[in-house]
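Asks: Structure provided below as structure tokens; questions to follow.
Only the coordinates and a few stated rules stand behind these numbers; no lab work does. Source: prediction; values computed, not measured. Virtual Cβ from ideal backbone geometry, glycine too; neighbours counted across all protein chains shown.
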Amino acid sequence: MILARALLVCLLAALACSGMAEAEQPQENPPQEEPEPISYEFFSGTVIEVQQTKLTVVRTLPGKDPEKQTFIMKPDTRVEGKLRSRVRVTVGYITTDEGEVALRVVVRPNLPRR
């Protein structure tokens, strides 16, 4: 009984030491740093002009003057929905040397009139 208990203690100690030795070994392939996701700025409003290379949106806030923003549309700009004049949109964009470049345009459903 004492011999079995001593054998069990030695076996557990050996397992614990082997686990520590594996933990101390450096990893062969360190985790790759993922590129930082692009941070969008957002602008929501109503489309007043759509062209192949640009999109103009106006937003009106209570108590403020209407704010108009023109975005550059590139071939890789993602458009979700049917883009046309007088629809509500949310534009995800970045500011570059060229200007505000739309990366994503989401057409919002029209609100029912009351």
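Asks: Can you say what percent of the DSSP beta bridges in region 60-109, counting only those with both residues inside, are antiparallel? Round to 5. Mind showing how you got there, number by number?
Replies: Details: 8 of 13 bridges.
Among the beta bridges of region 60-109, antiparallel pairing accounts for roughly 60 percent.
Asks: Further question on the same structure: Please give the net charge around Thr96, taking every other residue with its beta carbon less than 12 angstrom from that of Thr96, where Lys and Arg add +1 and Asp and Glu add -1.
Replies: Here the count lands on -3.
Asks: Does region 41-108 classify as rounded, prolate or oblate by the C-alpha gyration tensor (a ≥ b ≥ c root eigenvalues; a/c under 1.5 gives rounded; else a/b over b/c gives prolate, otherwise oblate)? All intermediate terms of the calculation are to be shown ahead of the outcome.
Replies: Numbers: a/c = 1.80, a/b = 1.30, b/c = 1.38.
Verdict is oblate for region 41-108.
Asks: What is the sum of charges around Ile48, taking Lys and Arg as +1, Asp and Glu as -1, for the other residues whose C-beta is under 13 Å from the C-beta of Ile48?
Replies: Details: positive: Lys54, Arg59, Lys68, Arg84, Arg86, Arg88; negative: Glu49, Glu67.
Charge balance near Ile48 sits at +4.
Asks: A further question on this structure: Given 0.36 nm per residue, what is the gain on full extension from Phe42 to Lys68 after removing their alpha carbon distance, in nm? Display every interim value, and only then the final one.
Replies: Values: separation 26, 0.36 × 26 = 9.36 nm, distance 1.33 nm.
So the chain would gain 8.0 nm between Phe42 and Lys68.
Asks: Assuming a ≥ b ≥ c are the square roots of the Cα gyration tensor eigenvalues, decide whether region 55-94 counts as rounded (a/c under 1.5), prolate (otherwise, with a/b larger than b/c) or oblate.
Replies: Details: a/c = 2.60, a/b = 1.79, b/c = 1.45.
Prolate shape, in that a/c is at least 1.5 and a/b is the bigger ratio.
Asks: Still on this structure, please answer the following. Using a 7 Å offset from Cα along Cα-Cβ at Glu49, what residues in region 72-114 end up with backbone N under 17 Å from the label point?
Replies: Backbone N within reach: 72-74, 84-87, 99-102.
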